[in-house]
Amino acid sequence: MRGVVKLLAAVAVIGAGVGLWITAPDRVDPERFSTLTGDAARGETIFTAAGCASCHHEPKAEDKLILTGGMAFPSDFGTFYAPNISPDPDQGIGGWSVEDLANAVTRGVSPKGQHYYPAFPYTSYAKMKDQDLVDLHAYLQTIPASATPSKPHDVGFPFNIRRSLGGWKFLFFSEDWVTEANAEQERGRYLVEALAHCAECHTPRNALGGLDKSRWMAGAPNPSGQGTIPALTPDKLDWSAEDIAYYLESGFTPDYDSVGGHMAEVVDNFAKLSAEDRIAVAAYVKALTAP
(Lines give C-alpha, C1' and ligand atoms only; values in the text may rest on other atoms or scores of the structure.)
Protein backbone atom coordinates (compact mmCIF):
# COMPACT_ATOMS: atom_id res chain seq x y z
CA MET A 1 0.00 0.00 0.00
CA ARG A 2 2.82 2.37 0.88
CA GLY A 3 4.38 1.71 -2.53
CA VAL A 4 1.14 2.64 -4.29
CA VAL A 5 0.95 5.90 -2.33
CA LYS A 6 4.53 6.76 -3.29
CA LEU A 7 3.81 5.97 -6.91
CA LEU A 8 0.71 8.17 -6.93
CA ALA A 9 2.64 10.97 -5.25
CA ALA A 10 5.40 10.73 -7.87
CA VAL A 11 2.85 10.77 -10.69
CA ALA A 12 1.19 13.83 -9.13
CA VAL A 13 4.52 15.68 -8.88
CA ILE A 14 5.43 14.82 -12.47
CA GLY A 15 1.96 15.82 -13.64
CA ALA A 16 2.20 19.14 -11.83
CA GLY A 17 5.61 19.78 -13.37
CA VAL A 18 4.36 19.02 -16.87
CA GLY A 19 1.32 21.22 -16.24
CA LEU A 20 3.50 24.13 -15.17
CA TRP A 21 5.71 23.66 -18.22
CA ILE A 22 2.76 23.54 -20.62
CA THR A 23 1.02 26.57 -19.12
CA ALA A 24 4.13 28.76 -18.82
CA PRO A 25 4.11 31.92 -20.99
CA ASP A 26 6.12 31.74 -24.21
CA ARG A 27 8.01 34.92 -25.11
CA VAL A 28 9.67 36.19 -28.26
CA ASP A 29 13.42 36.39 -28.72
CA PRO A 30 14.26 40.12 -28.30
CA GLU A 31 17.21 39.77 -30.67
CA ARG A 32 14.72 39.56 -33.53
CA PHE A 33 14.13 43.30 -33.25
CA SER A 34 17.57 44.58 -32.25
CA THR A 35 18.58 45.71 -35.74
CA LEU A 36 15.20 47.04 -36.90
CA THR A 37 14.13 50.70 -36.92
CA GLY A 38 10.48 51.68 -36.69
CA ASP A 39 8.72 53.79 -39.33
CA ALA A 40 5.63 55.46 -37.87
CA ALA A 41 4.15 56.18 -41.32
CA ARG A 42 4.25 52.50 -42.22
CA GLY A 43 3.07 51.68 -38.74
CA GLU A 44 -0.11 53.66 -39.34
CA THR A 45 -0.95 51.32 -42.23
CA ILE A 46 -0.34 48.29 -40.02
CA PHE A 47 -2.46 49.86 -37.28
CA THR A 48 -5.30 50.40 -39.76
CA ALA A 49 -5.12 46.97 -41.39
CA ALA A 50 -5.01 45.29 -37.97
CA GLY A 51 -8.14 47.14 -36.86
CA CYS A 52 -6.59 48.34 -33.59
CA ALA A 53 -8.82 51.39 -33.28
CA SER A 54 -11.94 49.39 -34.12
CA CYS A 55 -11.76 47.62 -30.76
CA HIS A 56 -9.72 49.95 -28.59
CA HIS A 57 -11.22 53.38 -29.23
CA GLU A 58 -13.41 54.90 -26.54
CA PRO A 59 -16.92 53.68 -27.46
CA LYS A 60 -18.60 57.10 -27.40
CA ALA A 61 -15.74 59.12 -28.87
CA GLU A 62 -15.97 60.48 -32.41
CA ASP A 63 -12.18 60.46 -32.63
CA LYS A 64 -11.19 56.84 -33.25
CA LEU A 65 -7.67 57.58 -31.99
CA ILE A 66 -8.83 58.03 -28.39
CA LEU A 67 -7.64 54.56 -27.46
CA THR A 68 -8.92 54.34 -23.90
CA GLY A 69 -10.61 51.00 -24.58
CA GLY A 70 -13.81 49.97 -22.85
CA MET A 71 -15.62 48.30 -25.75
CA ALA A 72 -17.40 45.16 -24.53
CA PHE A 73 -17.06 41.75 -26.18
CA PRO A 74 -19.57 39.24 -24.75
CA SER A 75 -18.89 35.52 -25.09
CA ASP A 76 -19.83 32.17 -23.58
CA PHE A 77 -16.92 32.58 -21.16
CA GLY A 78 -17.72 36.07 -19.89
CA THR A 79 -17.54 39.64 -21.13
CA PHE A 80 -14.17 41.01 -22.16
CA TYR A 81 -13.32 44.71 -22.39
CA ALA A 82 -10.73 46.19 -24.71
CA PRO A 83 -7.94 47.82 -22.66
CA ASN A 84 -6.33 51.24 -22.93
CA ILE A 85 -3.55 51.03 -25.56
CA SER A 86 -2.76 54.74 -25.70
CA PRO A 87 0.85 55.80 -24.97
CA ASP A 88 0.01 56.82 -21.42
CA PRO A 89 2.89 55.37 -19.34
CA ASP A 90 0.70 54.30 -16.42
CA GLN A 91 -2.74 53.35 -17.76
CA GLY A 92 -1.75 52.62 -21.37
CA ILE A 93 1.25 51.06 -23.07
CA GLY A 94 3.55 54.07 -23.23
CA GLY A 95 6.18 52.25 -21.21
CA TRP A 96 6.21 49.19 -23.43
CA SER A 97 9.26 48.25 -25.47
CA VAL A 98 9.04 46.68 -28.92
CA GLU A 99 9.65 43.36 -27.20
CA ASP A 100 6.71 43.97 -24.84
CA LEU A 101 4.43 44.77 -27.78
CA ALA A 102 5.62 41.71 -29.70
CA ASN A 103 4.98 39.45 -26.70
CA ALA A 104 1.47 40.85 -26.31
CA VAL A 105 0.51 40.91 -29.97
CA THR A 106 2.09 37.65 -31.17
CA ARG A 107 2.28 35.57 -27.98
CA GLY A 108 -0.63 36.82 -25.88
CA VAL A 109 1.68 37.55 -22.94
CA SER A 110 1.70 40.76 -20.88
CA PRO A 111 4.89 42.55 -19.76
CA LYS A 112 4.25 41.03 -16.31
CA GLY A 113 4.12 37.52 -17.76
CA GLN A 114 0.37 36.98 -17.60
CA HIS A 115 -1.55 35.29 -20.38
CA TYR A 116 -4.02 37.44 -22.31
CA TYR A 117 -7.43 36.06 -23.15
CA PRO A 118 -7.84 35.09 -26.82
CA ALA A 119 -10.59 37.68 -27.20
CA PHE A 120 -7.44 39.60 -28.15
CA PRO A 121 -6.69 38.01 -31.56
CA TYR A 122 -3.03 37.21 -30.94
CA THR A 123 -3.62 33.78 -32.49
CA SER A 124 -3.88 35.64 -35.81
CA TYR A 125 -1.35 38.38 -35.09
CA ALA A 126 1.20 35.65 -34.32
CA LYS A 127 1.97 35.63 -38.05
CA MET A 128 2.89 39.34 -38.16
CA LYS A 129 6.24 40.27 -39.66
CA ASP A 130 8.91 41.62 -37.32
CA GLN A 131 9.29 44.88 -39.26
CA ASP A 132 5.53 45.45 -39.09
CA LEU A 133 5.62 45.04 -35.31
CA VAL A 134 8.46 47.55 -35.00
CA ASP A 135 6.64 50.02 -37.26
CA LEU A 136 3.41 49.55 -35.31
CA HIS A 137 5.25 50.28 -32.07
CA ALA A 138 6.63 53.50 -33.57
CA TYR A 139 3.17 54.65 -34.67
CA LEU A 140 1.51 53.86 -31.34
CA GLN A 141 3.87 56.34 -29.66
CA THR A 142 2.40 59.17 -31.78
CA ILE A 143 -1.23 58.71 -30.67
CA PRO A 144 -2.71 60.96 -27.94
CA ALA A 145 -2.23 59.55 -24.45
CA SER A 146 -5.16 58.90 -22.14
CA ALA A 147 -5.01 58.25 -18.40
CA THR A 148 -8.35 56.40 -18.31
CA PRO A 149 -7.86 53.03 -16.56
CA SER A 150 -8.72 49.86 -18.45
CA LYS A 151 -11.97 48.21 -17.44
CA PRO A 152 -11.51 44.75 -15.85
CA HIS A 153 -12.98 41.75 -17.62
CA ASP A 154 -16.18 40.21 -16.27
CA VAL A 155 -15.07 36.57 -16.24
CA GLY A 156 -15.99 34.03 -13.57
CA PHE A 157 -14.38 30.86 -12.29
CA PRO A 158 -12.66 28.84 -13.71
CA PHE A 159 -12.00 31.09 -16.71
CA ASN A 160 -10.50 33.78 -14.50
CA ILE A 161 -7.50 31.53 -13.81
CA ARG A 162 -5.01 33.10 -16.19
CA ARG A 163 -2.47 30.32 -15.94
CA SER A 164 -4.97 27.91 -17.47
CA LEU A 165 -4.80 29.92 -20.70
CA GLY A 166 -1.37 28.38 -21.22
CA GLY A 167 -3.15 25.05 -21.62
CA TRP A 168 -5.57 26.64 -24.10
CA LYS A 169 -2.62 27.93 -26.11
CA PHE A 170 -1.02 24.48 -26.01
CA LEU A 171 -4.14 23.07 -27.67
CA PHE A 172 -5.03 25.81 -30.14
CA PHE A 173 -2.21 28.31 -30.65
CA SER A 174 -0.31 27.97 -33.93
CA GLU A 175 1.79 30.21 -36.15
CA ASP A 176 1.08 28.09 -39.22
CA TRP A 177 -0.84 29.46 -42.18
CA VAL A 178 -4.20 27.81 -42.77
CA THR A 179 -4.23 28.05 -46.56
CA GLU A 180 -1.61 27.55 -49.25
CA ALA A 181 -0.49 30.59 -51.23
CA ASN A 182 1.85 31.32 -54.12
CA ALA A 183 3.89 34.51 -54.39
CA GLU A 184 0.99 36.46 -55.89
CA GLN A 185 -1.41 35.33 -53.16
CA GLU A 186 0.79 35.98 -50.14
CA ARG A 187 -0.33 39.58 -49.58
CA GLY A 188 -3.99 38.59 -49.48
CA ARG A 189 -3.29 35.73 -47.11
CA TYR A 190 -1.21 37.98 -44.86
CA LEU A 191 -3.98 40.55 -44.67
CA VAL A 192 -6.78 38.03 -44.06
CA GLU A 193 -5.13 35.47 -41.81
CA ALA A 194 -2.80 37.78 -39.87
CA LEU A 195 -3.38 41.55 -39.82
CA ALA A 196 -7.14 41.80 -40.39
CA HIS A 197 -7.76 38.55 -38.43
CA CYS A 198 -10.93 37.87 -40.43
CA ALA A 199 -11.24 34.27 -39.23
CA GLU A 200 -11.71 35.40 -35.63
CA CYS A 201 -15.29 36.29 -36.56
CA HIS A 202 -15.98 34.34 -39.76
CA THR A 203 -14.81 30.90 -38.55
CA PRO A 204 -16.82 28.83 -36.03
CA ARG A 205 -15.27 27.80 -32.74
CA ASN A 206 -15.24 24.58 -30.76
CA ALA A 207 -16.54 24.17 -27.21
CA LEU A 208 -13.29 25.57 -25.74
CA GLY A 209 -13.23 28.63 -27.98
CA GLY A 210 -10.60 27.44 -30.45
CA LEU A 211 -11.12 28.10 -34.14
CA ASP A 212 -12.52 25.10 -36.03
CA LYS A 213 -10.11 25.22 -38.96
CA SER A 214 -11.92 22.39 -40.74
CA ARG A 215 -14.68 24.95 -41.32
CA TRP A 216 -12.40 27.85 -42.17
CA MET A 217 -14.40 31.01 -42.99
CA ALA A 218 -17.65 29.01 -42.98
CA GLY A 219 -19.55 31.54 -40.85
CA ALA A 220 -20.20 31.51 -37.13
CA PRO A 221 -22.68 32.53 -34.45
CA ASN A 222 -22.31 36.12 -33.34
CA PRO A 223 -20.66 36.04 -29.87
CA SER A 224 -23.19 38.64 -28.73
CA GLY A 225 -25.95 36.08 -29.30
CA GLN A 226 -27.59 38.23 -31.95
CA GLY A 227 -27.54 36.70 -35.42
CA THR A 228 -24.64 35.08 -37.25
CA ILE A 229 -21.43 36.13 -38.96
CA PRO A 230 -21.77 35.21 -42.65
CA ALA A 231 -19.68 32.59 -44.43
CA LEU A 232 -17.09 33.65 -46.99
CA THR A 233 -16.75 30.22 -48.61
CA PRO A 234 -17.86 29.71 -52.25
CA ASP A 235 -20.86 27.56 -51.32
CA LYS A 236 -22.33 30.56 -49.47
CA LEU A 237 -20.86 33.68 -51.09
CA ASP A 238 -21.27 34.11 -54.83
CA TRP A 239 -19.85 37.64 -55.13
CA SER A 240 -17.20 38.32 -57.73
CA ALA A 241 -13.73 39.50 -56.73
CA GLU A 242 -14.73 42.98 -57.94
CA ASP A 243 -17.84 42.89 -55.72
CA ILE A 244 -15.74 41.98 -52.68
CA ALA A 245 -13.13 44.67 -53.32
CA TYR A 246 -15.84 47.29 -53.86
CA TYR A 247 -17.63 46.24 -50.66
CA LEU A 248 -14.41 46.65 -48.67
CA GLU A 249 -14.02 50.14 -50.11
CA SER A 250 -17.60 51.42 -50.02
CA GLY A 251 -19.59 49.20 -47.67
CA PHE A 252 -22.16 48.47 -50.38
CA THR A 253 -23.11 44.95 -51.41
CA PRO A 254 -23.97 43.87 -54.99
CA ASP A 255 -27.63 43.97 -53.88
CA TYR A 256 -27.30 47.64 -52.90
CA ASP A 257 -27.48 46.84 -49.20
CA SER A 258 -25.02 48.57 -46.84
CA VAL A 259 -22.65 47.26 -44.24
CA GLY A 260 -23.71 47.22 -40.59
CA GLY A 261 -22.58 46.21 -37.13
CA HIS A 262 -18.91 45.80 -36.33
CA MET A 263 -18.21 45.11 -40.01
CA ALA A 264 -18.73 48.83 -40.62
CA GLU A 265 -15.53 49.42 -38.64
CA VAL A 266 -13.73 46.83 -40.77
CA VAL A 267 -14.84 48.50 -43.99
CA ASP A 268 -13.77 51.87 -42.63
CA ASN A 269 -10.29 50.41 -42.14
CA PHE A 270 -10.07 48.70 -45.52
CA ALA A 271 -11.24 51.85 -47.29
CA LYS A 272 -8.06 53.53 -46.02
CA LEU A 273 -5.82 50.82 -47.47
CA SER A 274 -4.64 50.67 -51.05
CA ALA A 275 -6.80 49.32 -53.88
CA GLU A 276 -4.15 46.64 -54.34
CA ASP A 277 -4.69 45.44 -50.77
CA ARG A 278 -8.46 45.20 -51.25
CA ILE A 279 -7.94 43.29 -54.50
CA ALA A 280 -5.53 40.94 -52.71
CA VAL A 281 -8.13 40.21 -50.01
CA ALA A 282 -10.80 39.62 -52.65
CA ALA A 283 -8.51 37.16 -54.44
CA TYR A 284 -7.93 35.30 -51.17
CA VAL A 285 -11.66 35.02 -50.50
CA LYS A 286 -12.35 33.78 -54.03
CA ALA A 287 -9.67 31.09 -53.60
CA LEU A 288 -11.32 29.63 -50.49
CA THR A 289 -12.75 26.14 -50.70
CA ALA A 290 -16.06 24.94 -49.29
CA PRO A 291 -15.81 23.26 -45.88
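The values are calculated or read from the model by the stated rules, or taken from the named source; none is laboratory data. In this text the structure is predicted, and so the values were computed from the model without any measurement. Virtual Cβ from ideal backbone geometry, glycine too; neighbours counted across all protein chains shown. Please note that ligands, DNA and RNA were not included when accessible areas were found on the heavy atoms of the full protein model with its side chains. Shrake-Rupley method; radii C 1.70, N 1.55, O 1.52, S 1.80 Å.
Just a few scattered comments:
- Estimated translational diffusion coefficient (Stokes-Einstein, Kirkwood radius over Cα pairs, 25 °C, 0.890 mPa s) of the chain: 120 µm² per second.
- Computed about its Cα centre, the charge dipole of the stretch 24-176 is approximately 420 debye, with only Lys, Arg, Asp and Glu carrying charge at their Cβ.
- Probe 1.4 Å, protein heavy atoms only - accessible area per residue of the chain in square angstrom: 53 Å²
- Surface accessible to a 1.4 Å probe, residue 279 within the full protein complex, Å²: 100 Å²
- Across the protein chains, with a 1.4 Å probe defining accessible surface, the residues 180, 200 rank 180, 200 from largest area downward.
- Under 5 Å, built H, 5+ apart or other chain: amide partners of residue 75: 80
- Against the rule of thumb 2.2 N^0.38 Å, how large the Cα Rg of the stretch 24-176 comes out: 1.01
- Once you reduce the stretch 215-291 and the stretch 68-99 to the center of their Cα atoms, the two points are 27 Å from each other.
- Cβ-Cβ distance of residue 177 and residue 286, R₀ of 25 Å, FRET efficiency by 1/(1 + (r/R0)^6): the value works out to about 0.90.
- Annotation: the stretch 153-206 has a Kirkwood hydrodynamic radius of 13.6 angstrom, from the mean reciprocal C-alpha pair distance.
- Options 103, 207, 140, ranked by Cα towards positive dipole end of the chain, top entry (Cβ charges): 207
- Rolled with a 1.4 Å probe across the full set of protein chains, the surface gives residue 151 an accessible area near 110 Å².
- Dipole magnitude for the chain: about 1500 debye, using +1 per Lys or Arg Cβ and -1 per Asp or Glu Cβ, origin at the Cα centre.
- Theoretical gain in end-to-end length, residue 112 to residue 272 [0.36 nm per residue, Cα-Cα removed]: 54.1 nm
- Distance violations [Cα-Cα > 32 Å] among 151/286; 60/286; 112/272; 60/272; 236/272: 151/286; 60/286; 112/272
- Taking θ as phi - 60° and the Karplus parameters 6.51, -1.76 and 1.60, the scalar couplings of the stretch 78-91 work out to x, 10, 9, 10, 4, x, 5, 10, 6, x, 5, x, 9, 9 Hz in sequence order, x denoting glycine and proline.
- Probe 1.4 Å, all protein chains present, accessible-area order of 217, 71, largest first: 71, 217
- For residue 52, solvent-accessible area (1.4 Å; no DNA, RNA or ligand), Å²: 20 Å²
- Ranking 60, 169 by solvent-accessible area of protein heavy atoms (1.4 Å probe, all protein chains present), from largest to smallest, gives 60, 169.
- Euclidean distance between Cα centres, the stretch 37-66 to the stretch 114-180, Å: 16 Å
- Global form of the stretch 178-291, assessed from the alpha-carbon gyration tensor, a/c cut-off 1.5: oblate
- Filtered chymotrypsin sites (Phe, Trp or Tyr not before Pro), the stretch 214-291: DSSP coil and at most 12 other beta carbons within 10 Å: 256
- Between residue 148 and residue 27, the contour length at 0.36 nm per residue exceeds the Cα-Cα span by 40.8 nm.
- Measuring nothing but protein heavy atoms, the accessible surface of the chain at 1.4 Å probe radius is 57 percent carbon and sulfur.
- Check: the stretch 178-291 dipole with +1 on Lys, Arg Cβ and -1 on Asp, Glu Cβ, in debye: 380 debye
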